[in-house]
1. Can you say whether residue 5 is touching a residue at least 24 places away in the same chain (Cβ under 8 Å) and either over 16 Å from the mean Cα position of the chain (by Cα) or more than 30 Å from residue 141 (Cβ to Cβ) (or both), as far as the supplied structure shows?
2. What is the number of the single condition among (1) surrounded by 18 or more Cβ atoms within 10 Å (Cβ to Cβ); (2) farther than 16 Å from residue 12 by Cβ; (3) at pLDDT 95 or above that residue 121 does not meet?
3. Got a sec? Which of 115, 99 is under 12 Å from the mean Cα position of the chain (by Cα) and loosely packed, with under 15 Cβ neighbours inside 10 Å?
4. Any residue in region 73-96 that's without any contact (Cβ under 8 Å) to a residue 40 or more places away in the chain: show its pairings with residues that are part of a helix (DSSP H, G or I) and exposed (fewer than 15 other Cβ atoms within 10 Å of the Cβ) at Cβ separation under 6 Å, as long as the two are six or more apart or on different chains.
5. Pick from 72, 126, 84: which is in contact with a helix residue (DSSP H, G or I) (Cβ under 9 Å, 6 or more places away or on another chain), at pLDDT 95 or above and surrounded by fewer than 18 Cβ atoms within 10 Å (Cβ to Cβ)?
């Protein structure tokens with residue numbers, strides 16, 4: 001299976017869209033965020049979608065490059081790091097992103113809105129960094 005750069009670029013464009021939606025909410029204070037369940041829902045959903053774009057890209061690259069199959073979503077990022085597509089330290093950091101996605105999707109009743117706000121304030125640039133590493137990798141294929 002070859003890498004479908006159109007598919008990867010499509011996911012990168014979606015990731016950029018979700019990143020910008022989150023960026024629009026980044027200036028909201030924690031106090032305001034905790035009071036507004038509509039904003040919480042918007043942020044949670046856009047985080048989920050952005051993370052899923054990263055996972056979609058990762059699983060596509062893993063399959064196309066015949067890398068070892070990941071055991072779970074967190075391992076997707078570790079496989080990308082093992083293949084030198086993303087730095088190892090960054091790959092380990094992104095394991096937490098996958099865990100955050102699982103919490104948003106499967107354990108939504110346990111979501112700590114304070115932690116969601118923390119991610120909004122502190123972890124958005126991980127999406128840009130991830131996209132940068134993927135684009136750099138795609139350039140090596142040309």
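The values are calculated or read from the model by the stated rules, or taken from the named source; none is laboratory data. Every value quoted in this text rests on a predicted model; they were computed, and no experiment measured them. When we count neighbours, we look across all protein chains shown, and the Cβ atoms used for this are built from the backbone with ideal geometry, even at glycine.
1. Values: touching a residue at least 24 places away in the same chain (Cβ under 8 Å): yes; either over 16 Å from the mean Cα position of the chain (by Cα) or more than 30 Å from residue 141 (Cβ to Cβ) (or both): yes.
Answer is yes for this residue.
2. With respect to (1) surrounded by 18 or more Cβ atoms within 10 Å (Cβ to Cβ); (2) farther than 16 Å from residue 12 by Cβ; (3) at pLDDT 95 or above, residue 121 is out only on (1).
3. 99
4. 81/88
5. 84
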